[in-house]
Every structure is written in structure tokens, then in C-alpha cells.
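**Student:** Below you will find the structure I want to go over with you.
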Amino acid sequence: MKVLVADDEPVSRRLLEATLASKGYEVVTAGDGLEAWRVLQDTNAPSLAILDWMMPGMDGVEVCRRVRNATGLKVIYIILLTVKGREHVVEGLQAGADDYITKPFDPAELEARLQVGARVTDLQNKLAERVTELEAALSHVKQLRGLLPMCSYCKKIRNDENYWDQVENYITKHSDAEFSHGICPECYEKFLKPQLRSRQTTPKKKSGQ
Amino acid sequence: MEEILDELIDCFLDTAPARLLELRAAVQGGDAEEIRRLAHNLRGASATLDRVASSVAGGNSFVEADCLIELCTMFESACSAGSLEGSEVLLSKLENEFERVRQRLSSRRRSKAGLPSDGGSAE
């Protein structure tokens, strides 16, 4: 998994980079906030970002704010690195950070928190994928709903152009349903049997003539 | 971890002296915000190095950066409070302390490379 490490202080940045690389992460580094913001806007941006709070150009909190206010960016899980006190942590989380780690950091804690981040982004991505799938499916479904005016005798349905349609024509036009025609047992008795009978009797009459 | 430590020492020796020069320029120019940023930066680098060195050595860091870290912190809080009074004195203390840390790191680098550990001016 790709992770961005943004810190202007080279020793800590190198340590973060080496620690994460040894755990199998693909690490991208940035030396200041502006560079971090550029990396995160890329279509190929990492989905995890560790941002130092104090950086020249643009601080970590401002990067957070921009990421959260931008539209069309990937799902990015942001961890702020801070040496500052509790009230700053609140500011960072309100700016849109998902988590924070205090400096100097504990490697095991960092990895555990990154795993949380990976889990969260994975879930969010899966959810977004399902929503897109559902939206695509919905756009294909023709809707058949509301009050349909139907003739009580012939069962035709009045359409929007004030024209009376056969039920099957109407439903075919307004949904993805199709019809195959058959005869139910009741109608067989009522309509088809008399017809067949009359056909069988007609030739007899003819032959008798 | 020891490999990382050697890399971090190189990184510190390559970058921190320039930070210190920038800090001197900022003190001379009376730029409180810049002093604070550089002191913060130096503190971060020293604290990180100290911590890794102590975890490699089982709790006892040869870097002995406590004093350097403390001086950086003092610079930071003075700047946050808006007071640059005495910053020249603080700076020279910090420079002296930095030099001690730098020498300890350099001699470790030399001994690692199989060079004699004395002879300070060979850098």
C-alpha cells in the first residue's frame, strides 16, 4: 500500500520512510506542505498520508483542510504528526485529520494506526464501488409506478398521450418486462373449447350437404 | 535498526549544520518565526536521533542530545512568547552543544568506517 510521508525535518522523514518501507509500504516523501498537497491531488495519490504539523509553505493542518474541501480526490486517510498539546490535536481533527501521532513516534504504534487507516480506506473504497454499481443499475431500470387508469371492461390502459393501450403494450413500454402469450385453463374452457368444437362440427355439416 | 541509525546519523550530519547556519542568520536578522521554525526542526532531528540511538543501545544513547534538545526548546518557547532578548547568548550555547553532539556522531561514523576516532578537523 502506498503512503505519503510529509515532513520538512530530514532525520524524522528518513526514519519514517525506512520504518514504513521495512513493513512493506511503498513510501512517497514530501519535504513541505505544498509538495504534499501536490502529491495528494494526483490521480495516483497514496490513500494513506502522514503529515507533519509544522512545515514551511503550508502546514499539515492546512493540507488536511484542502484535502477535505476538495472534490474529486481519492479517499485519503490522514495521520497528523505533532509534538503539540491536546488543544492542537482537537484543531487537527476538526480540520479533517483522521488520527494523530505524537513525536517522537513509536514504530509499533505507527504501524498499528496505519493498519487502521488501511482498513478504513479499504471499506470506504468498497462502499463507493457498490454505490457506483447500484447507481448504474438504477439508471437501467425503467420505472412503473403511480396510478394507472384502466378500462373496467376491456382492461386497456390509458397512456400519457390519452391513447388506450393494450395492457401488455403499456407494460412493455414502461418496464423491462416482456410477454409471452398463452392461455389459462379457465379461458381454455370458456373460449377455446367452443371454438374447437365449432370447427369440428362445421365440416360435418358440409359433408352432410 | 542499527543500519537505520547509521543512515540517520549521516542524514543529521549532512543537514543539521546548514540548519544551524540558518538559525544564526535568523537570530542576527531578528526573525522570530524563522528562529522558532529552525529550532523546532533541530529539536526534532536531535530527539529522533537520540531516541533511535538509545533503542539500539538498549536505553543508553551515545548521542547525549538532552542538552541540545533543551536549548532548542528554550529557543522555541522564547520565540512563542515574542521575546528575542538574550537570543545571542542562547545561540552560542546551542552552537557549542551542537558541536559536541556533532563530534560524537562523527567519531562514531569514523570508527564504523575503520578510521581513527580522533582528529577533529578532518571533516
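**Student:** For the stretch A:6-26, name all the residues that are of a type in the set (A, V, I, L, M, F, W, C), within 13 Å of chain B (Cβ to nearest Cβ) and not in a helix (DSSP H, G or I). Even if it seems obvious, please write down each step before you answer.
**Tutor:** Residues of the stretch A:6-26 of a type in the set (A, V, I, L, M, F, W, C): A:6, A:11, A:15-16, A:18, A:20-21.
Now narrow it down to the ones that are within 13 Å of chain B (Cβ to nearest Cβ): A:11, A:15-16, A:18, A:20-21.
Correct list: empty.
**Student:** Is it the case, given these coordinates, that residue A:51 is part of a strand (DSSP E or B), within 19 Å of residue A:10 (Cα to Cα), in contact with a Lys or Arg (Cβ under 6 Å, 6 or more places away or on another chain) and modelled with pLDDT of 90 or more? Give the steps one after another, and end with the answer.
**Tutor:** Working: part of a strand (DSSP E or B): yes; within 19 Å of residue A:10 (Cα to Cα): yes; in contact with a Lys or Arg (Cβ under 6 Å, 6 or more places away or on another chain): no; modelled with pLDDT of 90 or more: yes.
No.
**Student:** May I ask you to verify whether residue B:38 is surrounded by 20 or more Cβ atoms within 10 Å (Cβ to Cβ), closer than 19 Å to residue A:54 by Cβ, in contact (Cβ under 8 Å) with a residue 40 or more places away in the chain and within 11 Å of chain A (Cβ to nearest Cβ)? Can you show your working first?
**Tutor:** Numbers: surrounded by 20 or more Cβ atoms within 10 Å (Cβ to Cβ): yes; closer than 19 Å to residue A:54 by Cβ: yes; in contact (Cβ under 8 Å) with a residue 40 or more places away in the chain: no; within 11 Å of chain A (Cβ to nearest Cβ): yes.
For residue B:38, the condition - surrounded by 20 or more Cβ atoms within 10 Å (Cβ to Cβ), closer than 19 Å to residue A:54 by Cβ, in contact (Cβ under 8 Å) with a residue 40 or more places away in the chain and within 11 Å of chain A (Cβ to nearest Cβ) - is not met.
**Student:** Moving on to the next point. Could you look through the stretch A:2-16, keep only residues that are crowded, with 24+ Cβ neighbours inside 10 Å and among the acidic types (Asp, Glu), and pick out the one that is farthest from the chain's Cα centre (by Cα)?
**Tutor:** Residue satisfying both the conditions and the ranking: A:9.
**Student:** Let me ask something else about it. Checking the condition of a type in the set (Asp, Glu), outside any helix (DSSP H, G or I) and more than 14 Å from every other protein chain (Cβ to nearest Cβ), which residue from B:88, B:64, B:99 passes? Give the derivation first.
**Tutor:** Working: B:88 fails: outside any helix (DSSP H, G or I); B:99 fails: outside any helix (DSSP H, G or I).
After applying the criteria, what remains is B:64.
**Student:** A further question on this structure: If I ask for residues that are in a helix (DSSP H, G or I) and away from chain A (no Cβ under 13 Å), which ones from the stretch B:12-35 would you list? Full working, then the answer.
**Tutor:** To start, the set of residues in the stretch B:12-35 that are in a helix (DSSP H, G or I) comprises B:12-29, B:32-35.
Listed by number, the residues that qualify are B:20, B:21, B:23, B:24, B:25, B:27, B:28, B:29, B:32, B:35.
**Student:** Also: Kindly list the number of the only condition in (1) polar (S, T, N, Q); (2) surrounded by fewer than 17 Cβ atoms within 10 Å (Cβ to Cβ); (3) more than 12 Å from chain B (Cβ to nearest Cβ) that fails for residue A:29.
**Tutor:** (2)
**Student:** Still on this model: Among B:9, B:4, which is farther than 23 Å from residue B:74 by Cα, free of Cβ contacts under 8 Å to residues at least 60 places away in the same chain, among the hydrophobic types (A, V, I, L, M, F, W, C) and within 13 Å of chain A (Cβ to nearest Cβ)? Break it down stepwise before answering.
**Tutor:** Details: B:9 fails: free of Cβ contacts under 8 Å to residues at least 60 places away in the same chain.
The conditions single out B:4.
The values are calculated or read from the model by the stated rules, or taken from the named source; none is laboratory data. Keep in mind the model is a prediction, meaning the values are calculated, not measured. Methodologically, a virtual Cβ is constructed for each residue, glycine included, from the backbone with ideal geometry; neighbour enumeration extends over all protein chains shown.
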